[in-house]
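Reading through the structure tokens given below for one structure.
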Amino acid sequence: MKKIVAGSSSPMLAKNLANELNIEIADVSIKRFPDGECYVKINEEIKHAIIVQSTYPDENIIELFLLQDALKRMAERIDVVIPYYGYGRQDKIFENGEAISAEKMAKLIQQDADSVILVNPHKEHIIKFFDIEARICDATPTLAEYFDGKIDAVIAPDKGALEMAKKAGEKIGCKYNYFEKKRISSNEVVMEVKDMELTGKKVLIIDDIISTGGTMVKAIEMLRNQGVNEIYVACIHGLFIGNADERILKAGCKEIVATDTIETAYSKVSVAKEIAKYLSD
Ligand code: R5P
């Protein structure tokens, strides 16, 4: 029997996914010992397990490994859904002596899994670190739909997020662009959206991750300089470290929207339906 095994990172998403797939959440005990170490127990027989667990923060990684280990002793198939692939940003050697965390994580996860689904990993090539069946679920169109009819343009804060802005813009039928860096002097760089009249417009800034919020705050300030009327901010993975959300709102953002890959007060869009497409048979 196919069941969802919900790790601690994403209980709401796991529930939504179970509803989408019309299957049950398995009876699982997850506890912490006084010293912080994790204990897991699968309280029923499962033949096909779909684990839902992010690799963020660190304690959820160990929890994932223990769930996989417990399940490999009973299940015939283990699919692992990783809503937020933590450690995905170090996806290559930038400087000698570094680890490639995105690769290491993949090698460890695949030891006890038959397939893996990642929701918007930081870079698509991360999927190639897995030697098992590995798929990417792109939540960008679902996130964009939230803004259908509300905005005039989608802007990426940098070139790296341009593909997201393009997908979002195409989904809801509005223009898209990205911030280009322009050097004013040897120590001054400004960012601007070129070749697009934004005065008085309603603009969405979209990115895969909001961490400290620094990127979004800077982009909001620049858009305000360009005369934008209303600014919205959206991301797939809302980490909101420290007071990132407050800083973004204070900078002049009208609304922050994130998905439920990381469950926060801004998780206004669920990726469950999108993930379910990869799991229904
Ligand atoms: C970077 O490549 C990512 O796409 C995000 O732009 C970045 O993680 C955002 O970080 P922060 O919120 O700290 O500026």
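The values are calculated or read from the model by the stated rules, or taken from the named source; none is laboratory data. No experiment lies behind these values; they were computed from the predicted model shown. Every residue, glycine among them, receives a Cβ derived from its backbone with ideal geometry; neighbour counts consider all protein chains shown. Side chains are part of the model used for accessible areas, which takes the heavy atoms of the whole protein and leaves out ligands, DNA and RNA. Shrake-Rupley method; radii C 1.70, N 1.55, O 1.52, S 1.80 Å.
Details
- Per residue, the convex hull volume that the Cα atoms of segment 1-69 enclose (Å³): 78
- Extreme residue, positive dipole direction of the chain, given options Met12, Tyr146, His237 (C-beta unit charges): Tyr146
- When the chymotrypsin sites (Phe, Trp or Tyr not before Pro) in segment 1-97 are filtered for DSSP coil states and for at most 13 other beta-carbon atoms within 10 Å of their beta-carbon, the remaining sites are Phe94.
- Other residues with beta-carbon under 9 Å from the beta-carbon of Lys123 carry, at +1 per Lys or Arg and -1 per Asp or Glu, a net charge of 0.
- Each helix, a run of at least 4 DSSP H residues, gives -39500 (n - 2.57); summed and divided by the residues of the chain, these come to -8000 deg cm²/dmol at 222 nm.
- Using a cutoff of 8 angstrom between alpha carbon atoms and counting only pairs six or more residues apart, the relative contact order for the chain works out to 14 percent.
- Simple label model, 7 Å out from Cα along Cβ direction - Ile132 to Glu98, nm: 2.7
- Counting only Cα atoms, the size of segment 191-232 along its three principal axes is 29, 18, 14 Å, in decreasing order.
- Max mean-square fluctuation residue, GNM over the chain, Cα-Cα springs under 10 Å, options His125, His237, His48: His125
- Exposed GluC sites (Glu not before Pro) absent: longest stretch of the chain, with sites in DSSP loops and at most 12 other Cβ within 10 Å deemed exposed: 99-196
- Taking Asn187, Asn229, Asn19 as the candidate residues, the one with maximal mean-square fluctuation in a Gaussian network model of the chain, Cα springs under 10 Å, is Asn187.
- Annotation for segment 123-230: trypsin sites (Lys or Arg not before Pro) lying in DSSP loop with at most 16 further Cβ atoms inside 10 Å of their Cβ are Lys123, Lys150, Lys194.
- Estimated at 0.36 nm per residue, the fully extended path between Glu221 and Lys123 surpasses their Cα-Cα distance by 32.6 nm.
- Computed about its Cα centre, the charge dipole of the chain is approximately 560 debye, with only Lys, Arg, Asp and Glu carrying charge at their Cβ.
- Cα-based Kirkwood hydrodynamic radius, the chain, one decimal, Å: 19.9
- Taking max minus min of the alpha-carbon positions on each principal axis, segment 141-260 gives extents of 41, 34, 24 Å, largest first.
- Extension gain, Tyr278 to Lys107, is 59.4 nm, computed as 0.36 nm per intervening residue step minus the present C-alpha separation.
- At full extension, Glu76 and Glu45 could sit 10.1 nm farther apart than now, given 0.36 nm per residue minus the alpha carbon distance.
- In degrees, nearest ten, helix 214-225 long axis to first principal axis of the chain (Cα): 30
- Flagged links, alpha-carbon separation over 27 Å, of Lys2/Lys123; Lys171/Lys268; Lys72/Lys123; Lys31/Lys250; Lys128/Lys218: Lys2/Lys123; Lys72/Lys123; Lys31/Lys250; Lys128/Lys218
- Total formal charge among the other residues, if their Cβ is under 13 angstrom from that of Lys181, Lys/Arg +1 and Asp/Glu -1: +1
- Sequentially through segment 145-161, phi angles give Karplus couplings (6.51, -1.76, 1.60; θ = phi - 60°) of 4, 4, 9, 4, x, 9, 10, 9, 7, 10, 10, 8, x, 8, 4, x, 9 Hz, Gly and Pro residues having no value and appearing as x.
- A Gaussian network model of the chain, with springs between Cα atoms under 10 Å, assigns the largest mean-square fluctuation among Ser101, Ser54, Ser267 to Ser101.
- The magnitude of the dipole of segment 1-154, with charges of +1 and -1 set on the Cβ of Lys/Arg and Asp/Glu and taken from the Cα centre, is near 180 debye.
- Only the Cβ atoms of Lys and Arg (+1) and of Asp and Glu (-1) were treated as charged; on that basis the dipole of segment 141-260 about its Cα centre amounts to roughly 300 debye.
- Counting DSSP beta bridges with both ends in the chain, the antiparallel % (nearest 5): 20
- Accessible area of Asp158 (1.4 Å probe, protein heavy atoms only, ligands and nucleic acids ignored): about 60 Å².
- The C-alpha atoms of the chain define a longest principal axis, and helix 11-21 lies at about 80 degrees to it.
- Sparsely packed loop sites in segment 4-84 (the trypsin sites (Lys or Arg not before Pro) outside DSSP H, G, I, E and B with at most 16 other Cβ atoms within 10 Å) comprise Lys47, Arg73.
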